[in-house]
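Reviewing the structure listed below.
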Amino acid sequence: PQQQQRRGVCGNAHAPRLSLRHAPRSSRCAPCRVAAPEAPTTVSASTLNTSFVQDKQQYEALYKRSIEDPAGFWAEIAEQFHWETKWERDHMRYNFDVRAGPISVEWFRGATTNIAYNCLDRHVLAGRGDQTCFIWEGNDVGREKSMTYAEALDEVCKLANWLRAAGVKKGDAVAVYMPMLLELPLAMLACARIGAVHSVVFGGFSAESLAQRMEDCKAKVLLTASGVMRGPKSIDLKKIADKACKLSAEAGHTVEHVLVYENDNAVPAADCPFTPGRDRWWQSEVAAQPTTCAPEWVEAEHPLFLLYTSGSTGKPKGVLHSTGGYMVYAATTMRHVFGLQQGDVYWCTADCGWITGHSYLAYGPLLNGTTQIVFEGVPTHPTPARCWEVVAAHGVTQFYTAPTAIRSLMSFGDQWVSQCDTSSLKLLGSVGEPINPEAWRWYHEVVGKGKCPIVDTWWQTETGGHMITPLPGAWPEKPGSATLPFFGVRPVVLDEKGNELQGEAEGILAISQPWPSTLRTVYGDHERYQSNYFGPFPGYYFTGDGCRRDADGYYWITGRVDDVINVSGHRIGTAEVESALVAHPACAEAAVVGYDHPIKGQGIYAYVTLMAGVEATKELKKELVGSVRSIIGAFAAPDVIHWAPGLPKTRSGKIMRRVLRKIASKEEDQLGDTSTLADPGVVATLVELRGK
Ligand code: WTA
């Protein structure tokens, strides 16, 4: 609830619990009877540990402090966590400028901690062990269970003990390929408990993708499940995992242990392939382990996890996040952006296979001692009312999802929402792609009944936590804008030459100083990290997004400026889809672009040049789509295959994607300058073949 702000005659805002450190005794400040300077010089970040931001003025004071003294600001916030040893005075060091040497970011130097301890033990030791930690909603209606903080701690300890017994040591990578069972976040915490580095691979990825990721991080242990239900379909996850292990072995990497959770609802043990010696059944092995397990105290900079994400070129990158900074930032954004209060029931629909499921399902809620829903299913199964039924059944207070889900649910009509009691909702969140104002309004009016703030959170796998986002109720929102930067985040709008633009401007979004959960490296390739993120505009972290800043200083994300597309909130590199297409023997060349899609946000549009003599048939289109499904995963399947006898190229052979995008969106009348095309005739041919 909003608390009334008081303003003293000194001009200072006297929001409740905002501690303003007043300076000289000479100038008067009547309400608080303490002398004050004209403007507050320092505000204490620790106010954020107990209260929410009341208004823009308070935000501005705290924001200023967070930018001018990041080390002090975040240290004050970090006090609320358990640190086995404290950080040094001068704990934050960094170099964000490639011209000055290697890029490095360090927070809480000298400190040791354990994030799983902070997520679980800390609450249990404080007497909150009986509080519900997870409410699990299965894919099928009626399959539910719940778990308290004390029970979650027991489960994490058991699994952590099993991992230790399997030989997993501090710093080793563990691959996790699981459906959205509670065992997935528990597995992440178990890894963190023993200082192992988890690498969660989304269950929709193919065997090839899983194999590639396991090889890259040299995972010796794989945690998986027999199967998974997706709506009415069951998927043999273990079969895919087996194929991935085989592919890895062929590439010279051995996965030594596979722990298999029997998800009998989808695939019972009897139908699940099992390799004795290598494979173990989760339920029997883990149950036998003790429920206590000493946490591994790790340095703040110790790697916590790897998460592979798509870039504009090459293979997916293993984005590495470290422990201390990530913990403090994920927890703080979680608390303030969602306005968490005692008794809340929070629900994030993301899968733990993506960053949202890491920061705002596995870690953020638990660090804050929240009760949350974990949902295995899909929003439209068995009916488009499913989400709202869950909201009504459990009294969900905060609901966080992607615009693609909102648009999809919106397309079924309002009645699915209206038939459910969604009055418990206090706040709605959006993540993953720009939200169009129409979907924003539907979310606000139909789902939120006009009373819930919408937090449109802009951030990335690389940023670890929210970067630009409203704080509920602190300032007015505008549909489609992520509004203002979170504490410690300094966004800048750059022109193409890398000059900072002031005031109202449109350009490239970059960040000019480190925040606690800055990605620390690309696993095994620091060079790629530097060139990819810090190379394009020296001195800045390059986000890959374009943006506009309006007259009120609000940021509007305009989408990727590189060759990454955002399909249903899933990030896909066009180069990856192209190479999956070219892997088909009939395909000579492929060029992939994004196009506007009413539900998915962006769809995948693929131009394919066939090998000489190959006939362009409907069946072949299906085969090509199948190739992408099996190499990357079903979610990356192209929506359109467009036959292209030739592609628009410059004289130096570079594909002009701009031209391809225009043809895909039927805007060939706005091609702009095509004088550099090697063969201008190619455009007319492509237009003619559209839809064929
Ligand atoms: C896009 C997801 C507009 C953006 C957390 C970014 C957004 C990419 C928003 C990162 C938003 C994410 N408004 N665009 N609120 N949130 N994006 O790594 O293009 O899967 O660069 O992280 O999603 O995707 P990623």
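The values are calculated or read from the model by the stated rules, or taken from the named source; none is laboratory data. Model, not experiment: these values are computed from the prediction. Note: ideal-geometry Cβ built from the backbone for every residue, glycine included; neighbour counts use all protein chains shown.
Checked across region 251-263, the condition of being out of contact with any His (no Cβ under 7 Å at 6 or more places or on another chain), surrounded by fewer than 22 Cβ atoms within 10 Å (Cβ to Cβ) and part of a helix (DSSP H, G or I) holds for no residue. Residues of region 548-593 that are assigned to a strand (DSSP E or B), among the small types (G, A, S) and within 24 Å of the chain's Cα centre (by Cα): G559, G573. Taken over region 163-182, the residue count meeting the criterion of being surrounded by fewer than 24 Cβ atoms within 10 Å (Cβ to Cβ) and part of a helix (DSSP H, G or I) is 2.
With respect to V608, is the statement that it is touching a strand residue (DSSP E or B) at 6+ places or on another chain (Cβ under 9 Å), outside any helix (DSSP H, G or I) and either basic (K, R) or within 21 Å of I663 (Cβ to Cβ) (or both) true? Criteria met by V608. When restricted to residues that are within 24 Å of A393 (Cα to Cα) and either more than 15 Å from the chain's Cα centre (by Cα) or in a loop (DSSP other than H, G, I, E, B) (or both), region 353-372 contains 6. If we scan region 512-519, do we find a residue that is buried (at least 21 other Cβ atoms within 10 Å of the Cβ), more than 21 Å from I67 (Cβ to Cβ) and within 16 Å of the ligand (Cβ to nearest atom)? No, region 512-519 contains no residue that is buried (at least 21 other Cβ atoms within 10 Å of the Cβ), more than 21 Å from I67 (Cβ to Cβ) and within 16 Å of the ligand (Cβ to nearest atom).
In this structure, is R99 among the charged types (D, E, K, R) and under 20 Å from T332 (Cβ atoms)? Answer is no for this residue.
Would you check if there is a residue in region 222-232 being under 30 Å from T112 (Cα atoms), part of a loop (DSSP other than H, G, I, E, B), of a type outside the set (A, V, I, L, M, F, W, C) and touching a residue at least 12 places away in the same chain (Cβ under 8 Å)? No, region 222-232 contains no residue that is under 30 Å from T112 (Cα atoms), part of a loop (DSSP other than H, G, I, E, B), of a type outside the set (A, V, I, L, M, F, W, C) and touching a residue at least 12 places away in the same chain (Cβ under 8 Å). Among the conditions (1) touching a helix residue (DSSP H, G or I) at 6+ places or on another chain (Cβ under 6 Å); (2) at pLDDT below 95; (3) farther than 22 Å from A405 by Cα, H570 misses just one, which is (3).
Return a yes/no flag: does region 280-290 have any residue that is more than 14 Å from the ligand (Cβ to nearest atom) and of a type in the set (D, E, K, R).
Here is the first cut: in region 280-290, the residues more than 14 Å from the ligand (Cβ to nearest atom) are 280-290.
This time we only want the ones that are of a type in the set (D, E, K, R), so: 280, 285.
Checked against the condition, which is being more than 14 Å from the ligand (Cβ to nearest atom) and of a type in the set (D, E, K, R), region 280-290 yields at least one hit.
Exactly one residue out of A331, A270, A244 is without any contact (Cβ under 8 Å) to a residue 12 or more places away in the chain, away from the ligand (no atom under 16 Å from the Cβ) and assigned to a helix (DSSP H, G or I): that is A270. When P536 is tested against the conditions (1) touching a residue at least 60 places away in the same chain (Cβ under 8 Å); (2) within 16 Å of the ligand (Cβ to nearest atom); (3) outside any strand (DSSP E or B), the lone failure is (1).
Just one of the listed residues (D550, D562, D639) is under 28 Å from T463 (Cβ atoms) and either at pLDDT 95 or above or hydrophobic (A, V, I, L, M, F, W, C) (or both), and it is D550.
Look through region 570-582, keep the residues that are out of contact with any strand residue (DSSP E or B) (no Cβ under 7 Å at 6 or more places or on another chain) and not hydroxyl-bearing (S, T, Y), and return whichever of them is nearest to the ligand (Cβ to nearest atom). Step through it out loud before you land on a result.
Within region 570-582, the first condition is being out of contact with any strand residue (DSSP E or B) (no Cβ under 7 Å at 6 or more places or on another chain), and the residues that meet it are 570, 575-576, 579-580.
Checking the rest, the ones that are also not hydroxyl-bearing (S, T, Y) come to 570, 575-576, 580.
Working: H570: 7, A575: 16, E576: 14, A580: 19 Å.
Once the filter is applied, the top-ranked residue is H570.
Residue-level check: of (1) assigned to a strand (DSSP E or B); (2) surrounded by fewer than 24 Cβ atoms within 10 Å (Cβ to Cβ), L307 misses just (2). Scanning region 197-226 for residues that are among the charged types (D, E, K, R) and surrounded by 24 or more Cβ atoms within 10 Å (Cβ to Cβ) returns a single hit, R213. Of all residues in region 292-304, those that are touching a residue at least 60 places away in the same chain (Cβ under 8 Å) have Cβ atoms under 6 Å from Cβ atoms of residues that are buried (at least 18 other Cβ atoms within 10 Å of the Cβ) and part of a loop (DSSP other than H, G, I, E, B), 6 or more apart or on another chain, in P295/N114; E296/I194; E296/G195; W297/N114; V298/G195; A300/F108; A300/A111. Residues that are closer than 20 Å to G110 by Cβ and without any contact (Cβ under 8 Å) to a residue 40 or more places away in the chain within region 42-77 comprise D69, A71, G72, A75, E76, listed in sequence order. Residue-level check: of (1) surrounded by fewer than 17 Cβ atoms within 10 Å (Cβ to Cβ); (2) of a type in the set (D, E, K, R); (3) in a strand (DSSP E or B), D545 misses just (1).
Checked against (1) within 23 Å of the chain's Cα centre (by Cα); (2) assigned to a helix (DSSP H, G or I); (3) closer than 29 Å to S322 by Cα; (4) of a type outside the set (F, W, Y), E527 meets all criteria but (1). Consider R657 against the criteria (1) more than 30 Å from Q670 (Cβ to Cβ); (2) crowded, with 16+ Cβ neighbours inside 10 Å; (3) touching a residue at least 60 places away in the same chain (Cβ under 8 Å): it satisfies all of them except one. Which criterion is unmet? Failing condition for R657: (1). Scanning region 273-304 for residues that are assigned to a loop (DSSP other than H, G, I, E, B) and among the aromatic types (F, W, Y) turns up F274, W297. Take W475 and tell me if it is of a type in the set (A, V, I, L, M, F, W, C), at pLDDT 95 or above and touching a helix residue (DSSP H, G or I) at 6+ places or on another chain (Cβ under 8 Å). Against the criterion (of a type in the set (A, V, I, L, M, F, W, C), at pLDDT 95 or above and touching a helix residue (DSSP H, G or I) at 6+ places or on another chain (Cβ under 8 Å)), W475 qualifies. So, in region 553-566, of the ones that are surrounded by fewer than 20 Cβ atoms within 10 Å (Cβ to Cβ) and free of Cβ contacts under 8 Å to residues at least 60 places away in the same chain, which residue ends up nearest to the ligand (Cβ to nearest atom)? This residue is R560. Of the candidates E615, E688, E667, E619, the single residue that is free of Cβ contacts under 8 Å to residues at least 12 places away in the same chain and under 30 Å from A211 (Cβ atoms) is E619. Checking A350, A405, A393 one by one, the residue that is within 16 Å of the ligand (Cβ to nearest atom) and assigned to a helix (DSSP H, G or I) is A405 and no other. Each residue in region 525-539 was checked for being under 24 Å from H302 (Cα atoms) and either touching a helix residue (DSSP H, G or I) at 6+ places or on another chain (Cβ under 7 Å) or of a type in the set (F, W, Y) (or both), and 4 pass.
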